[in-house]
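The values are calculated or read from the model by the stated rules, or taken from the named source; none is laboratory data. This structure is a prediction, so every number in the text was calculated from the model and none was measured. Cβ: placed from backbone, ideal geometry, glycine included. Neighbour counts: every protein chain shown. Accessible surface is based on the protein model in full, side chains and every heavy atom, while ligands, DNA and RNA are left aside. Shrake-Rupley method; radii C 1.70, N 1.55, O 1.52, S 1.80 Å.
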Amino acid sequence: MLDTVSVLVCQGRCCRQQGSRQVLATFRELADHRLQIEASGCLGQCGHGPMVLIGSEPIWYERVQPVEIPFLIRQQVEAGIPACPMIYRRMHPQLC
């Protein structure tokens with residue numbers, strides 16, 4: 001059985017203004033037994049939201065939109081490959 005993958009979706013004020021409530025709702029709609037979806041407080045990266053962190057050594061994603069979540073799940077959760085177009089380069093400058 002696969003390990004559960006943690007998904008944190010920032011719900012700080014700036015991220016909420018940028019649509020993080022919808023991102024959180026979409027993750028919850030699409031979640032299966034592999035995903036542990038949680039709302040987080042502010043992640044301190046205002047202006048780059050909605051911010052999403054995936055994994056135990058989290059990969060940070062910026063400006064995530066609900067329509068991109070199936071791609072994120074396929075890439076990061078199913079294939080184990082970072083979703084490079086959405087990587088937050090400030091946290092992962094050499095990842096992709």
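Output needed: Cys residues of the chain lacking any neighbouring Cys C-beta below 4.7 Å, sorted by number.
C42
Rolling a 1.4 angstrom probe over the protein heavy atoms, how many square angstrom per residue are accessible across the chain?
Using a 1.4 Å probe on heavy atoms only, each residue of the chain averages 56 Å².
Using just the helices of the chain, give the 222 nm mean residue ellipticity in deg cm²/dmol: DSSP H runs with n ≥ 4 each add -39,500 (n - 2.57), and the total is spread over all residues, rounded to 500.
Working: 3 runs with 20 residues, N = 96.
Helix-only estimate at 222 nm: -5000 deg cm²/dmol.
List the trypsin sites (Lys or Arg not before Pro) within the chain that fall in a DSSP loop (any state other than H, G, I, E or B) and whose Cβ has at most 13 other Cβ atoms within 10 Å.
On the way: sites: R13, R16, R21, R28, R34, R63, R74, R89, R90; in loops: R34, R63, R89, R90.
In loop regions of the chain (DSSP not H, G, I, E or B), the sparsely surrounded trypsin sites (Lys or Arg not before Pro) are R89, R90.
Kindly work out what percent of the DSSP beta bridges joining two residues of the stretch 6-70 are antiparallel, to the nearest 5. Before the final figure, lay out the partial values.
Details: 6 of 11 bridges.
In the stretch 6-70, approximately 55 percent of DSSP beta bridges are antiparallel ones.
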